[in-house]
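Undergrad: Structure in structure tokens, see below.
Any read-out appearing in this document is the output of simple, stated calculations on the displayed coordinates, not a laboratory observation. Please read these numbers as outputs of a predicted model, since none were measured by experiment. Cβ atoms come from the backbone with ideal geometry, glycine included; neighbour counts cover every protein chain shown.
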């Protein structure tokens with residue numbers, strides 16, 4: 001039995017379905033992420049798990065028990081809010097003690113529990129500080145300690161790192177992974193940041209317009225996006241769409257306007273004439289100035305239309321003779337790399353049939 | 001130099017109000033302090049500063065009188081009691097009202113606040129006299145109360161010219177001064193804190209006493225100071241609506257200056273009142289600032 005079952009849950013605001021018939025399950029000890037653009041319903045879903053919002057249809061079960069009719073204060077889940085929501089008139093210790101007092105944990109047990117929670121988030125020594133005396137990262141750690149101190153069944157995190165700067169965010173991501181492993185409590189994590197989702201999660205549910213587009217492990221989500229939306233939302237991706245010409249021996253040929261026949265390997269049978277899309281990550285494309293190179297499966301010419309130098313890598317946008325643009329990414333440390341290409345340079349691009357990923361539609 | 005012209009500008013801007021306060025507040029206050037150490041004149045006012053024997057007539061007689069004749073101290077304590085009751089009742093009435101306004105849709109808030117301060121648009125004395133009619137022996141209220149009392153066999157009670165009338169009017173007049181600072185505070189509260197408290201297991205009662213109320217204390221202190229201090233010195237309301245036992249410190253001061261014409265003693269009473277009020281205001285400001293500090297910087 002799963003720890004949390006979201007069973008055909010729908011939430012409407014007027015005519016608008018914020019969450020539209022979502023079914024998913026979260027396993028014990030899992031780091032589960034709801035990922036999607038703003039307005040996709042991920043926060044509404046989280047608020048329904050916490051009890052701040054109620055589904056119009058479907059059920060939410062925790063350990064097999066229907067949570068309907070239980071107010072937030074009576075649910076064994078805890079939320080870490082985006083803007084910390086620390087009580088400004090209480091010290092760090094007071095904030096962490098609050099849920100223990102509410103749960104009527106005997107006063108004699110509290111100091112040890114508080115110390116353990118603060119140790120989990122590496123905030124020993126900050127007990128007497130007030131929230132306004134803490135940095136953003138420290139505030140977020142207090143919020144996490146406060147949520148964990150009563151050993152909830154599940155921790156819900158609503159974009160907890162969104163307000164922090166990039167460097168601190170990365171540091172806290174690593175801490176979150178370690179913390180989750182240590183405490184073993186299931187995390188349901190809401191974010192719109194795909195790199196964060198890929199880095200942290202055991203599984204990701206990519207949401208769009210109230211629905212789950214794909215639910216999978218991070219590497220599957222990245223490598224084998226099931227829909228155009230997922231391919232486009234997760235990282236950079238070239239999407240080549242057109243009618244399917246043929247399928248021979250597991251290789252589909254798609255006739256792409258402005259580029260030509262693009263070949264991609266796929267196991268599923270595809271009907272000739274149906275619409276198809278090939279998702280191709282920019283880093284899978286070989287780009288060179290000289291003669292044709294080793295991957296003869298797909299081979300196209302073009303000129304560099306613009307480029308983005310990003311330090312470790314350079315992103316080239318190459319225009320084909322047919323007028324389409326293909327994005328290719330090249331690591332600047334790549335061995336044997338003789339030169340950078342400039343805008344206007346003629347280049348050759350090639351990739352193997354198994355570099356791309358076929359999506360029907 | 002920029003610094004110097006800034007200094008000049010500062011004096012030009014703050015000069016007139018400073019001058020005004022000096023002439024109409026500081027100097028009269030000083031005159032009152034000096035008067036409190038002098039002797040009363042034979043026919044009111046003050047006795048000559050230098051008597052016929054050429055001696056400087058400065059003494060502590062009026063202060064001694066305040067301390068030794070306990071009746072004055074008792075009036076003072078009674079005034080403080082009335083002011084404290086007024087403050088507590090105002091707080092009890094204003095807190096739900098301010099909460100309601102702060103939680104109502106933004107477009108109605110200005111209208112509701114306007115209704116709270118609407119009484120200020122009519123004259124203070126007229127509003128006090130209106131209570132004479134409302135509480136009068138032939139008014140519906142007195143008839144209803146005494147009719148109900150008659151049913152259980154209790155003698156009729158007069159509502160007017162009583163401590164009840166004074167307290168009702170004191171609360172009525174001062175209520176807006178409690179509502180406004182409370183509203184200003186409650187309106188800024190962050191709903192996320194209440195959500196967090198609820199998520200952490202707090203029920204409605206616990207959320208109020210552990211989160212909302214402590215965070216509203218700066219507003220409570222400000223409102224309490226704005227109600228208690230003027231209520232302490234008021235004289236018109238007990239004059240008009242009170243009975244013979246409802247003489248408060250404000251009435252006493254008025255009496256000393258206008259009827260008994262004992263200026264030194266009136267000055268002593270005024271000084272005691274001012275010092276008490278200042279001490280309370282200072283305390284409220286100090287406590288309020290301590291509380292507000294941790295909230296403002298959160």
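Undergrad: Of the DSSP beta bridges with both residues in chain A, give the percent that are antiparallel, rounding to the nearest 5.
TA: 75 percent
Undergrad: Per the helix-only calculation at 222 nm, which mean residue ellipticity applies to chain A, given -39500 (n - 2.57) for every DSSP H run of n ≥ 4 and division by its residues, nearest 500 deg cm²/dmol? Display every interim value, and only then the final one.
TA: Working: 8 runs with 81 residues, N = 361.
Estimated from H runs of four or more residues: -6500 deg cm²/dmol.
Undergrad: Right, here's the next one. Once the piece of chain linking residue B:281 and residue B:69 is laid out straight, how much longer is it, given 0.36 nm per residue of separation minus the C-alpha distance between them?
TA: Stretched out fully, the residue B:281 to residue B:69 stretch lengthens by 73.6 nm.
Undergrad: So between residue A:38 and residue A:342, what do we pick up on full extension, going 0.36 nm a residue minus the alpha carbon distance?
TA: Length difference between fully extended and current span is 105.8 nm.
Undergrad: Between residue A:284 and residue A:193, what FRET efficiency follows from the Cβ-Cβ distance if R0 is 25 Å, with the result rounded to 0.05? Spell out each step's value before the answer.
TA: On the way: r = 23 Å, r/R0 = 0.92.
Computed FRET efficiency for residue A:284 and residue A:193 comes out at 0.65.
Undergrad: Apply the Kirkwood formula to the range A:4-232: the hydrodynamic radius equals the inverse of the mean of 1/r over all pairs of different alpha-carbon atoms; give it in Å with one decimal.
TA: This gives a value of 18.2 Å.
Undergrad: Roughly how many nanometres apart are two label points built 7 Å out from the Cα toward the Cβ at residue B:192 and residue B:85?
TA: Taking the simple label geometry, residue B:192 and residue B:85 are separated by 4.6 nm.
Undergrad: On average, how many beta carbons from a partner chain sit within 10 Å of the beta carbon of a residue in B:204-215?
TA: Across the residues of B:204-215, the mean count of other-chain Cβ atoms within 10 Å is 2.
Undergrad: Work out the mean other chain Cβ neighbour count within 10 Å for the residues of A:179-188 and drop it here as an integer.
TA: Mean number of neighbouring Cβ atoms from other chains: 0.
Undergrad: Enter the Cα centre distance for the pair the range A:75-93 and the range B:173-226, rounded to the nearest angstrom.
TA: 18 Å
Undergrad: Springs between alpha-carbon pairs under 10 angstrom, Gaussian network model over chain B: which of B:164, B:66, B:208 fluctuates most?
TA: Top of the fluctuation ranking is B:208.
Undergrad: Can you give the FRET efficiency to the nearest 0.05 for residue A:272 and residue B:203, using r as the Cβ-Cβ distance and R₀ = 60 Å? Write down the numbers at each step before the final one.
TA: On the way: r = 65 Å, r/R0 = 1.08.
Taking R0 as 60 Å, the efficiency between residue A:272 and residue B:203 is 0.40.
Undergrad: Mind checking which of B:265, B:76, B:124 has the largest fluctuation in a GNM of chain B, springs on alpha carbons under 10 Å?
TA: B:124
Undergrad: Considering only the protein assembly as shown, what is the antiparallel percent among its DSSP beta bridges, to the nearest 5? It would help to have the intermediate numbers written out before the result.
TA: On the way: 63 of 82 bridges.
If I count the DSSP bridges inside the protein assembly as shown, around 75 percent turn out antiparallel.
Undergrad: Quick one: if you stick a label point 7 Å off each Cα along the C-beta vector at residue B:150 and residue A:52, how many nm between them?
TA: Result: 6.0 nm between the two label points.
Undergrad: As an exercise, use a Förster radius of 30 Å and the Cβ-Cβ distance of residue A:312 and residue A:135 to find the FRET efficiency, rounded to the nearest 0.05.
TA: It comes to 0.60.
Undergrad: So, by mean Cβ neighbours within 10 angstrom, what's the order for B:83-90, B:257-264, B:237-244 with the highest one leading?
TA: B:83-90, B:237-244, B:257-264
Undergrad: Separate question: Over chain A, with a Gaussian network built from C-alpha contacts below 10 Å, which listed residue (A:286, A:11, A:263) shows the highest mean-square fluctuation?
TA: A:286
Undergrad: With everything on Cα atoms, drop me the angle between helix A:166-183 and the longest principal axis of chain A, reported from 0 to 90° to the nearest 10.
TA: Tilt relative to chain A: about 60 degrees.
Undergrad: Work out the mean other chain Cβ neighbour count within 10 Å for the residues of A:73-86 and drop it here as an integer.
TA: If you average over the peptide's residues, the count of other-chain Cβ atoms is 4.
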